[in-house]
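Accompanying notes for the structure given below.
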């Protein structure tokens with residue numbers, strides 16, 4: 001399966017902001033942004049001026065990296081969002097949030113989206129009582145995402161739940177930490193997504 005193998009700290013530095021791709025490390029002084037707060041490469045410390053296209057491209061790359069998607073996956077999701085009723089940009093972000101790997105991360109079952117993706121692929125999650133090992137699976141309102149019984153003793157999951165206080169559980173999810181399950185109370189709206197993203201620039205980029 002294709003995946004991005006570039007250093008995650010390098011990705012944050014490229015976007016010049018913390019994308020929280022490495023779990024606990026992002027909250028320490030070892031964070032790449034804290035140590036070298038400039039883009040990677042020979043000219044990283046120089047003055048960079050982006051064109052309109054450059055700004056749109058950087059925003060698209062940033063959102064892709066936050067959710068850990070490749071270009072083809074992201075483009076397919078955008079085309080689905082474009083065919084839906086409503087605002088294309090908001091539809092796109094809503095579907096990104098509804099991905100099973102993101103729900104697992106946002107519920108506190110993993111320290112990063114990449115870790116959540118690995119746990120999903122290894123079959124540690126169930127949706128409405130049925131095993132699901134597809135990270136791109138889109139949850140729906142009322143779905144219950146839970147750790148399978150045989151996986152509840154995994155130390156990584158328990159440790160992530162203990163550290164979940166570092167980030168806020170979104171209002172559209174209802175976490176039952178004791179039973180290691182999370183219910184989708186409602187579909188995520190644009191107001192529920194607090195990460196600094198300008199989806200309008202992505203729509204403009206793909207509309208050219």
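Kindly evaluate residue 49 against the criterion of being modelled with pLDDT of 90 or more and surrounded by fewer than 21 Cβ atoms within 10 Å (Cβ to Cβ).
So residue 49 does not fit the description; no.
Return yes when residue 69 is modelled with pLDDT of 60 or more and part of a helix (DSSP H, G or I) and no when it is not.
So residue 69 fails the test.
Residue under question is residue 187, and the condition is that it be within 30 Å of residue 55 (Cα to Cα) and either free of Cβ contacts under 8 Å to residues at least 60 places away in the same chain or part of a helix (DSSP H, G or I) (or both); does it hold?
no
Restricting the range 159-173 to residues that are under 18 Å from the mean Cα position of the chain (by Cα) and surrounded by fewer than 15 Cβ atoms within 10 Å (Cβ to Cβ), which is nearest to residue 92 (Cα to Cα)?
Across the range 159-173, the extreme among qualifying residues is 171.
Looking only at residues that are touching a helix residue (DSSP H, G or I) at 6+ places or on another chain (Cβ under 7 Å) and under 17 Å from residue 65 (Cα atoms) in the range 158-199, which one is modelled with the lowest pLDDT?
That would be 195.
I need the full set of residues from the range 147-158 which are over 19 Å from the mean Cα position of the chain (by Cα) and in a helix (DSSP H, G or I), in order please.
149, 150, 151, 155, 158
Which members of the range 52-75 meet the condition of being free of Cβ contacts under 8 Å to residues at least 24 places away in the same chain and loosely packed, with under 13 Cβ neighbours inside 10 Å?
Within the range 52-75, 52, 54, 71, 72 meet the criteria.
Conditions (1) outside any loop (DSSP other than H, G, I, E, B); (2) within 19 Å of residue 170 (Cα to Cα); (3) within 12 Å of the chain's Cα centre (by Cα), marked per residue:
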| position | (1), (2), (3) |
| --- | --- |
| 53 | yes, no, no |
| 56 | yes, no, no |
| 61 | yes, no, no |
| 73 | yes, no, no |
| 94 | yes, yes, yes |
| 97 | yes, yes, yes |
| 109 | no, yes, no |
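Which residue, of 140, 104, is at pLDDT 95 or above, assigned to a loop (DSSP other than H, G, I, E, B) and within 18 Å of the chain's Cα centre (by Cα)?
Within the list 140, 104, the selection yields 140.
The values are calculated or read from the model by the stated rules, or taken from the named source; none is laboratory data. Since this is a predicted model, take the numbers as computed values, not measurements. We place every Cβ from the backbone using ideal geometry, glycine too, and count neighbours over all the protein chains shown.
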